[in-house]
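Participant: Following this message is one structure expressed as structure tokens.
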Amino acid sequence: MKPYVLLNSAMTVDGKIATRDSSMKISGSADLVRVHRLRKQYDGIMVGINTVVIDNPKLTVHKIDACKEDNPVRIVVDSNARTPLDSLVLNGDARTVVVVSSGASEDAVGKLREKCEVLVCGENHVNLKEALSKLYDMGIKSILLEGGSTLNFSMFKEQLIDEVSICIGSKILGGTKSKTFVDGKGFSINECVKLELKKIEKIDENDVVLTYTTSY
Ligand SMILES: NC(=O)c1ccc[n+]([C@@H]2O[C@H](COP(=O)([O-])OP(=O)(O)OC[C@H]3O[C@@H](n4cnc5c(N)ncnc54)[C@H](OP(=O)(O)O)[C@@H]3O)[C@@H](O)[C@H]2O)c1
């Protein structure tokens, strides 16, 4: 069994989810409130290690009225246990699980274990199917996936994403080095993930949220 997974992201009209150095302010304040309402409804919130290193997000519910118990479990996918020990996901405001591979150094894993839970899945790279199955067994029945684009691709490739919700912020960023919604190796047209449009919402003057279900 695996948790239900909603991939939520904010992207510009030209498909970028970040500038070369950060993903801040792609969408407006109405979207931030929407995302924090979503966080409150999910058991877990998952990101890739690069997002932790680059954005240093708290991954808690703090833009709406909430208490500590409303925070989902923060899950970081980090094969080599390189989550910085001073990162905000390890600040104690919520339970945190770092998913590493068995190839991660014992020393790095030991230091992480002093600050959070560590789950070992996969040999040199995190095995996402195994990770989701173990997280389900730990009581995490729903996950809000919040990027970045490399993890998004792998999660689609493993057919683990059930629903997609994307806020299109009224901006153009451009830049061949700026991350898009889904990067990785990419799919051929025959392999591509097909989406069914469920909802279109205009959440403020210029931002639109599109919601889709996936089929594989
Ligand atoms: N606008 C938005 O909504 C939004 C949201 C989140 C992030 N972002 C932006 O996205 C950018 C980061 O994205 P990113 O693509 O560089 O990195 P990412 O997806 O955050 O993290 C990718 C890393 O996760 C680790 N990983 C472990 N197992 C994996 C697996 N099975 N599949 C995929 N990854 C696995 C890999 O590092 P190891 O091999 O070391 O484990 C991989 O390089 C940042 O610029 C951030 O600002 C934007």
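Participant: How long, wide and thick is the chain, going by the Cα atoms along their three principal axes, in whole angstroms, largest first?
Facilitator: Computed over the Cα atoms, the extents are 48, 44, 34 Å.
Participant: With a 1.4 Å probe and all protein chains left in place, how much of the accessible area of the range 4-215 comes from carbon and sulfur atoms, in whole percent?
Facilitator: Accessible surface attributable to carbon and sulfur in the range 4-215 totals 49 percent.
Participant: How large is the helix-only mean residue ellipticity at 222 nm for the chain, computed as the sum of -39500 (n - 2.57) over DSSP H runs with n ≥ 4, divided by its residue count, in deg cm²/dmol to the nearest 500?
Facilitator: Helices in the chain give a 222 nm mean residue ellipticity of -6000 deg cm²/dmol.
Participant: How high is the relative contact order of the range 4-215, in percent, with contacts defined as C-alpha pairs under 8 Å that are six or more residues apart?
Facilitator: The value is 30 percent.
Participant: Moving to a separate point now. Between the range 107-136 and the range 193-210, what is the C-alpha centre distance in whole Å?
Facilitator: 34
Participant: Grab the Cα-Cα distance for residue 172 and residue 205, subtract it from 0.36 nm times how many residues apart they are, and report the gain in nm with one decimal.
Facilitator: 10.2 nm
Participant: Which one, 154, 165, 178, has the greatest fluctuation when you compute a Gaussian network model over the chain with C-alpha springs under 10 angstrom?
Facilitator: Per the Cα network of the chain with a 10 Å cutoff, 178 tops the list.
Participant: Can I ask one more? Could you sort out which of 115/177; 25/58; 2/157; 111/177; 177/198 sit more than 27 Å apart by Cα distance in this structure?
Facilitator: As for pairs spanning more than 27 Å Cα to Cα, those are 115/177; 111/177; 177/198.
Participant: If you don't mind, another one. At 7 Å along the Cα-to-beta-carbon direction for both residue 91 and residue 196, put a label point, then send me their distance in nm to one decimal.
Facilitator: Once both label points are built, they end up 4.0 nm from each other.
Participant: Further question: Given q = 0.13, 0.21 Å⁻¹, what are the Debye log10 I(q)/I(0) values for the range 116-216, with equal point scatterers placed on the Cα positions and solvent ignored?
Facilitator: Ignoring solvent entirely, the Cα scatterers give -0.61, -1.28.
Participant: Over the range 174-214, what number does the Rg to Rh ratio reach, with both radii from the alpha-carbon atoms and Rh per Kirkwood?
Facilitator: On the Cα set of the range 174-214, Rg over Rh gives 1.07.
Participant: Between the range 1-74 and the range 176-191, what is the C-alpha centre distance in whole Å?
Facilitator: Result: 20 Å between the Cα centres.
Participant: If you don't mind, another one. Taking only protein heavy atoms into account and a 1.4 Å probe, give the accessible area per residue of the chain in Å².
Facilitator: Per residue, the chain has 51 Å² of solvent-accessible surface.
The values are calculated or read from the model by the stated rules, or taken from the named source; none is laboratory data. Here the structure is a predicted model, which is why all the values come from computation and not from measurement. When we count neighbours, we look across all protein chains shown, and the Cβ atoms used for this are built from the backbone with ideal geometry, even at glycine. Heavy atoms of the whole protein, side chains included, go into the accessibility calculation; ligands, DNA and RNA do not. Shrake-Rupley method; radii C 1.70, N 1.55, O 1.52, S 1.80 Å.
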